[in-house]
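**Q** Questions regarding the structure given below will be posed in turn.
The values are calculated or read from the model by the stated rules, or taken from the named source; none is laboratory data. Remember, it's a predicted structure, so these values are computed and weren't measured experimentally. Methodologically, a virtual Cβ is constructed for each residue, glycine included, from the backbone with ideal geometry; neighbour enumeration extends over all protein chains shown.
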Amino acid sequence: MTDLKDEIAASAAQCVVEEGLEYGPAKRRALKVLGLPPRTPLPNNDQVEAKVREYIELFCAETQPVELQALRQHALMWMTRLAEFRPYLGGAVWHGTATRLSDIYLQLFCDDAKSCEIELINKGVDFEARSVNGLHGEPVEALSIHSFCDALGEEIGVHLLINDYDDVRGALKLDAQGRSPRGDLAAVNQLIKA
């Protein structure tokens, strides 16, 4: 069973890196690619992330660090623009597994979800609003933006997930590997300078 999960994780990792898929859809795609039934037990996200890191090391070692740096700088630009909403960077850009196909995920923490929408409208930023599962599994508003990244020469998806102001405490709990799942402006600045 472990070998099968490793094979699924490796196939999912390829989908993550080469197609920019998130882990859930990548695992489902891996089942199809491998010709496995839909109810096949899937690897957890930590297993997929480990395979993503291996894949990047083998096939993208020269390009990925430059792409990751560009994405982190682009995220920092948006975090600075939205500083009043207490932005935290998460996902592959924060954890260091992002490539040019990865989207940027920012968790915002504010008293009024509409205030962020109003700020984007005032700045002339087009966005698409929808509802997604938030930090605690409850629905939160997500504002998705297409933002041109000069360093990469292409549009990047930037997703702003709007959380209640007080939810920031729970957002900083360490993950199963003892890592912070996201970082604020200062932490992202440190990653860029490192």
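**Q** Return the pair list, or none, for Cβ contacts closer than 9 Å from residues in the range 165-194 that are farther than 16 Å from Asp46 by Cα to residues that are exposed (fewer than 10 other Cβ atoms within 10 Å of the Cβ) and not aliphatic (A, V, I, L, M), at least 6 apart or on different chains.
**A** From the range 165-194, the pairs are Tyr165/Asp111.
**Q** Quick check on the range 42-57. Is at least one of its residues at pLDDT 95 or above, hydroxyl-bearing (Ser, Thr, Tyr) and over 28 Å from Asp167 (Cβ atoms)?
**A** Yes, there is a match, as at least one residue in the range 42-57 is at pLDDT 95 or above, hydroxyl-bearing (Ser, Thr, Tyr) and over 28 Å from Asp167 (Cβ atoms).
**Q** Would you point out the residue of the range 125-141, among those that are surrounded by 13 or more Cβ atoms within 10 Å (Cβ to Cβ) and of a type in the set (Gly, Ala, Ser), that is nearest to Leu161 (Cα to Cα)?
**A** My answer is Gly134.
**Q** Might you let me know whether the range 176-183 holds any residue that is within 20 Å of Gly96 (Cα to Cα), among the polar types (S, T, N, Q) and assigned by TED's automatic domain parsing to the domain that holds Val93?
**A** Yes; the residues of the range 176-183 include at least one that is within 20 Å of Gly96 (Cα to Cα), among the polar types (S, T, N, Q) and assigned by TED's automatic domain parsing to the domain that holds Val93.
**Q** Does Arg182 satisfy the criteria of being under 17 Å from the mean Cα position of the chain (by Cα), under 20 Å from Trp94 (Cβ atoms) and among the charged types (D, E, K, R)?
**A** yes
**Q** Out of the residues in the range 79-100 that are surrounded by fewer than 18 Cβ atoms within 10 Å (Cβ to Cβ) and of a type outside the set (Lys, Arg), which is nearest to the chain's Cα centre (by Cα)?
**A** Applying the filter and picking the extreme gives Gly96.
**Q** Being within 13 Å of Leu106 (Cβ to Cβ) and not basic (Lys, Arg) narrows it down to one of Ser131, Ser147, so name that one.
**A** It is Ser147.
**Q** Let me ask you something else. So which residues in the range 84-119 are among the acidic types (Asp, Glu) and closer than 14 Å to Val16 by Cβ?
**A** Asp103
**Q** Note down all Cβ pairs under 9 Å where the first residue falls in the range 104-121 and is farther than 19 Å from Leu185 by Cβ, the second is in a strand (DSSP E or B) and among the small types (Gly, Ala, Ser), and they're at least six residues apart or on different chains.
**A** Sorted first by the residue in the range 104-121, then by its partner, the pairs are Glu117/Ala129.
Rundown of residues vs (1) over 13 Å from Thr97 (Cα atoms); (2) among the β-branched types (Val, Ile, Thr), yes/no style:
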| site | (1), (2) |
| --- | --- |
| Ala13 | no, no |
| Val17 | no, yes |
| Glu22 | no, no |
| Val33 | yes, yes |
| Leu42 | yes, no |
| Val48 | no, yes |
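**Q** Considering only the range 10-37, how many residues are on the phi > 0 side of the Ramachandran plot and touching a Leu at 6+ places or on another chain (Cβ under 6 Å)?
**A** 1
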